[in-house]
Number of protein chains: 2
Amino acid sequence: MPFIPLEEHLPGITGLLEYRKDTAAPIRELTQILLRGPSSLTEGERELIATLVSYRNECTFCTTAHTAAANVLLGEETTSAMLKQDINSAPVSEKLKALLNIAAQVQQSGKNVTADLIQNAKEKGATDLEIHDTVLIAALFCLYNRYVDGLSTVTPTDPAFYNGLGERLKANGYNRLPQGYDHLKNKP
Amino acid sequence: MPFIPLEEHLPGITGLLEYRKDTAAPIRELTQILLRGPSSLTEGERELIATLVSYRNECTFCTTAHTAAANVLLGEETTSAMLKQDINSAPVSEKLKALLNIAAQVQQSGKNVTADLIQNAKEKGATDLEIHDTVLIAALFCLYNRYVDGLSTVTPTDPAFYNGLGERLKANGYNRLPQGYDHLKNKP
């Protein structure tokens, strides 16, 4: 049960974004820019970064939601599953592996990111902006995961909920999430 | 030396906010709402939450900057110093102690926030919104600290730099930080 009164039909982050709409607006905007804005990383690749960080923070709602979004965007479920077990054996590019290894350190502490990890990413073709965005996406999901779990929001157990959410995150992105709320009412 | 090319005269977060202005805008807006917007917590109290989380994340730039801001807002330097050693012996209200103890858990993981910590905060007079904002401020500084250290930004060593920054954060808040950049150029 959430620690503060949230609308019962809005689990996980969705209830928090409704609880305080003025803080929700910039959070949504930042997420939309980073995960759906113009980038040399695909939307699927960026959702994999979000998935990895949420998984390592053990945030079940965020992990399941962004796994679903990544799977929908990638058109398969293998990569997100393998990534959680071992970044370096996941079927992604060497560049993305290098970026995911940076994200994995950011999840623990910014101070854990080493010059060697950065050098490796650059050698695998990562641009400065891709490195920047990887660090900021990883940091953003450290915010989300703490926000969602720190207020003890509800975590649905029905896989259909997350599949529907993943489809909506592909179709609508993050700015327009409120428009998906009508659907959420039917899938608590 | 930063891992990506940042303007040399803009240390810590300031260079990152200049590097990608489209992501900087919502980050600034969120910070302005949470730390300077209308609230039953004073600006000084909210800066203490930011200080505690940054300190525990060992982010020297953010810790020193928000310590300076808190000190300027509170008009003294004792509280921020004592807080870092022991929350419960700091000269703050019982309500703020309870909220700071929640923030300290959020710094580690959202999952560490217990119903007992929330109950204690409510018993000490904390409102739902204060609890919400405490969790979100703590989560936001987990983002900032990782962003600043994960890209290896420059940390000035001159206390005068942070004192000047603290004064500007009191006078201008976060949305208007860019207007302080002219001053920063003289205090690297």
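Here, each number is a calculation from the coordinates, and none is a lab measurement. Being a predicted model, the structure only gives us computed values, none of them experimental. Heads up, the Cβs are rebuilt from the backbone with ideal geometry, glycines too, and the neighbour counts pull from every protein chain shown.
A few remarks follow.
- Complete set of residues in segment A:134-152 that are surrounded by fewer than 24 Cβ atoms within 10 Å (Cβ to Cβ) and of a type in the set (D, E): none
- Those helices (runs of 4 or more DSSP H) lying entirely in segment A:9-107 with at least 2 residues farther than 19 Å from B:L136 by Cα and within 15 Å of the chain's Cα centre (by Cα): A:21-36, A:43-56, A:60-74, A:78-85
- Hits in segment B:115-157 - residues which are farther than 27 Å from A:E18 by Cβ and within 13 Å of the chain's Cα centre (by Cα): B:N145, B:V148
- Some residue of segment A:80-101 being at the interface with another protein chain (Cβ under 9 Å from one of its Cβ atoms) and either aromatic (F, W, Y) or buried (at least 19 other Cβ atoms within 10 Å of the Cβ) (or both): no
- Residue list for segment B:125-149, filter: touching a residue at least 60 places away in the same chain (Cβ under 8 Å) and either in contact with a Ser or Thr (Cβ under 8 Å, 6 or more places away or on another chain) or more than 25 Å from A:A103 (Cα to Cα) (or both): B:T127, B:L129, B:E130, B:D133, B:T134, B:L136, B:L140, B:F141, B:Y144, B:N145, B:R146, B:D149
- Given (1) within 14 Å of chain B (Cβ to nearest Cβ); (2) assigned to a helix (DSSP H, G or I), number of the condition A:L6 does not satisfy: (2)
- Check on B:T14, more than 14 Å from every other protein chain (Cβ to nearest Cβ) and out of contact with any Ser or Thr (no Cβ under 6 Å at 6 or more places or on another chain): yes
- Of the residues making up segment A:40-58, those that are of a type in the set (S, T, N, Q) and away from chain B (no Cβ under 13 Å) are A:S40, A:T42, A:T51.
- Flag if A:P26 is within 11 Å of chain B (Cβ to nearest Cβ), surrounded by fewer than 20 Cβ atoms within 10 Å (Cβ to Cβ), in contact with an Asp or Glu (Cβ under 6 Å, 6 or more places away or on another chain) and not charged (D, E, K, R): yes
- Total residues in segment A:80-105, condition among the hydroxyl-bearing types (S, T, Y) and in contact with a helix residue (DSSP H, G or I) (Cβ under 7 Å, 6 or more places away or on another chain): 2
- Which listed residue, of B:R20, B:R36, B:R46, is touching a residue at least 12 places away in the same chain (Cβ under 8 Å), surrounded by fewer than 23 Cβ atoms within 10 Å (Cβ to Cβ) and in contact with a helix residue (DSSP H, G or I) (Cβ under 7 Å, 6 or more places away or on another chain): B:R36
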